[in-house]
Amino acid sequence: MNDLKKFFSDSKKEREELRQIVNPILEKYTLQKKEELEVCQIGKFVYKIDSEIQIVEKPQPPAPDFIIKHKSKLIGLEHTRILTKNASKYLRIVNLVEYSSQVFEEKYPNLTVSAGIEFKNDELVYSQKEKKVYATLIADLVYHMNLGEYIEFPDFITDITIQRHSKVTFYYKEENWQPELLTLERLKEEIHKKEQKILNYKTSDINILEFWLVLLIGSLSSVSYELNEAVNYKTDSKFDRVYLMSDFSADIIRVK
């Protein structure tokens with residue numbers, strides 16, 4: 001019982017310390033939900049490797065994604081998620097679900113709900129003209145389900161899971177989400193792609209002395225990757241430091 005109490009106490013302590021890391025940036029900038037998620041991801045990264053690191057800025061391109069301060073030194077930090085080659089189908093559905101949550105907030109202000117949307121065979125093909133039609137249909141389905149009303153799903157939706165929440169949050173629930181194992185070759189490919197930005201960083205006015213790269217995997221989706229414990233991911237890079245972070249478990253490997 002004491003161990004259980006300590007677990008919840010530690011979890012509460014960690015949540016509070018994470019808030020202290022990310023809140024100054026969340027309060028300083030008006031951010032989209034995707035950008036808020038990025039701040040939280042880097043906040044978790046900072047907390048895990050060195051809680052004394054500060055997130056100083058979240059500038060616009062061509063500057064790095066974040067400016068952090070480590071031992072009085074300014075560091076440009078780029079971060080990205082490594083996705084599989086066939087990610088476009090998945091991302092189109094994610095984009096639609098996110099858009100449907102915006103439609104919900106506009107049509108039904110002052111209502112909050114969490115909704116997980118499952119699509120038949122994990123796919124939906126739609127044109128740009130059809131996007132708002134589908135998004136509005138999904139928003140209306142969630143609204144009526146939230147009221148406890150019986151509804152019949154269209155043929156492209158297999159299920160919607162409703163939960164109480166303090167905000168409006170819609171998410172895509174994949175049926176077949178098993179991720180691939182990350183290879184060293186795929187890791188090197190992503191690092192090389194991001195290295196092309198370093199020259200642009202060095203032309204900015206900010207006095208940045210180092211450049212770090214954080215690569216995210218492990219989002220429990222079919223387009224993400226999982227760590228392969230049999231692979232040594234150590235490699236060289238033009239970045240001063242490169243980290244590989246599993247988003248779900250928060251495991252971090254220093255690649256360079």
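The values are calculated or read from the model by the stated rules, or taken from the named source; none is laboratory data. These figures come from a predicted structure and were not determined experimentally. Every residue, glycine as well, gets a Cβ built from its backbone with ideal geometry; the counts of neighbours run over all protein chains shown.
Structure above, values below:
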quantity	calculated
Strands (runs of 3 or more DSSP E) enclosed by region 100-201 - at least 1 residues per element that are among the aromatic types (Phe, Trp, Tyr)	113-119, 168-172
Some residue of region 196-214 being touching a residue at least 24 places away in the same chain (Cβ under 8 Å), among the hydroxyl-bearing types (Ser, Thr, Tyr) and over 23 Å from GLU57 (Cα atoms)	no
Members of region 178-213 that are under 17 Å from the mean Cα position of the chain (by Cα) and more than 16 Å from ILE253 (Cα to Cα)	PRO179
Breaking point among (1) at pLDDT 95 or above; (2) loosely packed, with under 15 Cβ neighbours inside 10 Å, for ALA115	(2)
Hey, TYR126 modelled with pLDDT under 95, more than 17 Å from the chain's Cα centre (by Cα) and of a type in the set (Phe, Trp, Tyr) or not	yes
Residues (among the acidic types (Asp, Glu) and in contact with a helix residue (DSSP H, G or I) (Cβ under 7 Å, 6 or more places away or on another chain)) located in region 99-130	GLU123
Scope region 87-111; condition hydroxyl-bearing (Ser, Thr, Tyr), over 16 Å from PHE153 (Cα atoms) and under 21 Å from the mean Cα position of the chain (by Cα); matching residues	SER88, TYR90, TYR99, SER101
Complete set of residues in region 65-107 that are among the acidic types (Asp, Glu), in contact (Cβ under 8 Å) with a residue 12 or more places away in the chain and within 18 Å of LYS132 (Cα to Cα)	GLU98, GLU105
Residue satisfying all of: in region 208-234; farther than 21 Å from LYS73 by Cβ and either touching a Lys or Arg at 6+ places or on another chain (Cβ under 6 Å) or of a type in the set (Lys, Arg) (or both); surrounded by the most Cβ atoms within 10 Å (Cβ to Cβ) among these	LEU216
Test: residue in region 84-94 that is surrounded by fewer than 20 Cβ atoms within 10 Å (Cβ to Cβ) and farther than 22 Å from GLU180 by Cβ	no
Top-ranked residue of region 230-256 - restricted to ones that are in a loop (DSSP other than H, G, I, E, B) and at pLDDT below 90, ranked as farthest from TYR171 (Cα to Cα)	ASP251
Candidate set: region 137-185, residues that are in contact with a strand residue (DSSP E or B) (Cβ under 7 Å, 6 or more places away or on another chain) and within 30 Å of ASN232 (Cα to Cα); chosen: the one surrounded by the fewest Cβ atoms within 10 Å (Cβ to Cβ)	LEU181
Test: residue in region 214-221 that is over 18 Å from the mean Cα position of the chain (by Cα) and not in a strand (DSSP E or B)	no
Residue pairs meeting the criteria (Cβ under 7 Å; at least 6 apart or on separate chains; first closer than 18 Å to LYS194 by Cα, in region 239-255; second of a type in the set (A, V, I, L, M, F, W, C) and assigned to a loop (DSSP other than H, G, I, E, B))	VAL242/VAL255; TYR243/VAL255; LEU244/VAL255
